[in-house]
Amino acid sequence: VKNQSYFMQCIYFYHYYFAVICAGVFADVWKAHVEPEMEALVSSCVVLPCSFKYPGQEQPSDRIRAIWHTKDNWDDIIFHKDPTRVKDSFKGRTKLIGSLGRSNCSLEIDEVKNHDNGPYCFRVELETSQKDKYSFVKNCVSIKMIEQASKPELQAEQSVPEGEPAVFKCSVRHTCPSYQPTLTWSHTGKATINIKDIRHGNWETESVLTFVPQKEDDHTSITCTVKHHGNVEGEMTATHPIFVKGTTIKLFCVYIVLKFLSMHNQLVTLQRESKT
């Protein structure tokens, strides 16, 4: 009896430690990385960054099935390559960005609704076996809805020199890299666009305007306008005053010179009159 009891204890500990070890191994094999929370402008789009790894050899994209579903109900599918499986409210609004063969499972949601909060989870199914499938329900994404867009950020010097190139910068942050915002200026000049990945699913679009201020620009203003993808509401413009350095000084110098010439002419006239 003692031997049998000892044997059962050994079996128990064997199964226990085997389960613990294997759980760690499988947890290391099936992995997904997402941003736990993303912001999205209502009516625009949002891209949920996602990468994953799975056991065994790498498979081509056509042998990997990607599914995105809600965390609370796996049958509420928001993306599937078979559109008939997709929830009605998401049909035509979701698509994968990137290559599954390169372990990129990023999802684009277009025409964001104010109830698209999630959380949403990625599921992968490999065509190598019926058992090779996994839902990453511990790595899901929640979306924070932004109802009103913030105005763009406009950077410039308080005053700019007349006749020399001046630089004005306008930028806006967003989570819709598929459709970059457009930035336009109220003043003519040379504009260049810079797009920056500022990580964690956030992007920055920047327009840099260069022009040569003239005296006519003094005490005017310059406006930058942003146009987001979709019917986004909110503040779309930022305005900055223009003060041109050198305009007042030059006008004053011209005034002094003219005044000096006038006084000089008057002096010459008086000298002539005194001689006569």
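The values are calculated or read from the model by the stated rules, or taken from the named source; none is laboratory data. Just so we're clear, the structure is a prediction, and the values are computed from it rather than from any experiment. In this analysis, Cβ positions are derived from the backbone assuming ideal geometry, glycine residues included, and neighbour counts consider all displayed protein chains. For the accessible areas, the whole protein counts, side chains as well, though only heavy atoms, and no ligand, DNA or RNA atoms are used. Shrake-Rupley method; radii C 1.70, N 1.55, O 1.52, S 1.80 Å.
Just a few scattered comments:
- Members of region 140-174 that are small (Gly, Ala, Ser) and on the phi < 0 side of the Ramachandran plot: Ser142, Ala149, Ser150, Ala156, Ser159, Ala166, Ser171
- Some residue of region 83-92 being in contact (Cβ under 8 Å) with a residue 24 or more places away in the chain, in the same structural domain as Tyr120 (by the TED database) and assigned to a loop (DSSP other than H, G, I, E, B): no
- In region 157-207, counting only strands (runs of 3 or more DSSP E) that sit wholly within it, the ones holding 2 or more residues that are open to solvent by less than 40 Å² (accessible area, probe 1.4 Å) span 166-174.
- Yes/no for Ser142 being closer than 30 Å to Phe79 by Cβ and assigned to a loop (DSSP other than H, G, I, E, B): no
- Filter result for Ile78 (more than 24 Å from Val232 (Cα to Cα), of a type outside the set (Gly, Ala, Ser) and either outside the structural domain of Lys133 (by the TED database) or surrounded by 20 or more Cβ atoms within 10 Å (Cβ to Cβ) (or both)): no
- Subset of region 209-229 (residues that are open to solvent by 20 Å² or more (accessible area, probe 1.4 Å) and either in a helix (DSSP H, G or I) or not hydroxyl-bearing (Ser, Thr, Tyr) (or both)): Val212, Gln214, Lys215, Glu216, Asp217, Asp218, His219, Lys227, His229
- Matching entry among Glu125, Glu39, Glu111, Glu58 (being in contact (Cβ under 8 Å) with a residue 60 or more places away in the chain and part of a loop (DSSP other than H, G, I, E, B)): Glu111
- Those residues of region 120-150 which are closer than 30 Å to Glu58 by Cα, surrounded by 15 or more Cβ atoms within 10 Å (Cβ to Cβ) and either within 20 Å of the chain's Cα centre (by Cα) or not assigned by the TED database to the domain that holds Ala40 (or both), in sequence order: Tyr120, Cys140, Val141
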